[in-house]
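Take a look at the structure set out below.
The values are calculated or read from the model by the stated rules, or taken from the named source; none is laboratory data. Predicted, not measured: the structure shown is a model, and the values here were computed from it. Neighbour counts are summed over all protein chains in view; Cβ atoms, including those assigned to glycine, are modelled from backbone coordinates with ideal geometry.
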Amino acid sequence: MMKARTQGADPDLVSVAGRVSETKGSINLRIEANTRQLIDDAAAVLGKTRTEFMVESARREAVDVLLDQRLFVLDPDRHEAFMHALDNPPAPGPKLRSLLRRVPAWQK
């Protein structure tokens, strides 16, 4: 399912929390020889360098992970039920009232 999220989309066009960076850095990895060969073979099939392949693959996976945390899709019936629940929340129970009476940690 994660493949469908970024398949066909240019991961370079996906903004992550509005961050834009022009600075390049390096990442050093220790990997088994057979894993390195697998990556090299896959990169060669696509006509890419190892670095291009690894950066594009890692970036695509990172976008998928973040989208899994921030994006959800509902069919029309479930969307309607979700919107109804948001518009008509239940009355606060004793646990919520107790929580709301607490002083937040950042104000202590």
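Return the residues of the range 50-108 that are over 28 Å from R36 (Cα atoms) and β-branched (V, I, T); say none if nothing qualifies.
V73, V103, listed by residue number.
Among the residues of the range 77-108, which ones are exposed (fewer than 10 other Cβ atoms within 10 Å of the Cβ) and acidic (D, E)?
Those that are exposed (fewer than 10 other Cβ atoms within 10 Å of the Cβ) and acidic (D, E): D77, D87.
What pairs come up if the first residue lies in the range 40-52 and is closer than 17 Å to I27 by Cβ and free of Cβ contacts under 8 Å to residues at least 40 places away in the same chain, the second is part of a helix (DSSP H, G or I) and among the hydrophobic types (A, V, I, L, M, F, W, C), and their beta carbons are under 8 Å apart, counting only those six or more places apart or on different chains?
A43/F53; A43/M54; T49/A43; R50/I39; R50/A43; E52/A43
Condition first: at pLDDT 95 or above and exposed (fewer than 10 other Cβ atoms within 10 Å of the Cβ). Can you find one or more residues in the range 64-76 that meet it?
yes
Return a yes/no flag: does the range 86-98 have any residue that is at negative phi and either aromatic (F, W, Y) or touching a Lys or Arg at 6+ places or on another chain (Cβ under 8 Å) (or both). Reasoning before the result, please.
Just the residues of the range 86-98 that are at negative phi, to begin with: 86-98.
Those still in the list that are either aromatic (F, W, Y) or touching a Lys or Arg at 6+ places or on another chain (Cβ under 8 Å) (or both) too: none.
So far as the range 86-98 goes, no, none of its residues is at negative phi and either aromatic (F, W, Y) or touching a Lys or Arg at 6+ places or on another chain (Cβ under 8 Å) (or both).
Of all residues in the range 25-44, how many are acidic (D, E) and assigned to a helix (DSSP H, G or I)?
Number of matching residues: 2.
Residues of the range 45-63 being loosely packed, with under 10 Cβ neighbours inside 10 Å and in a helix (DSSP H, G or I), which ones?
Within the range 45-63, V45 is the sole residue that qualifies.
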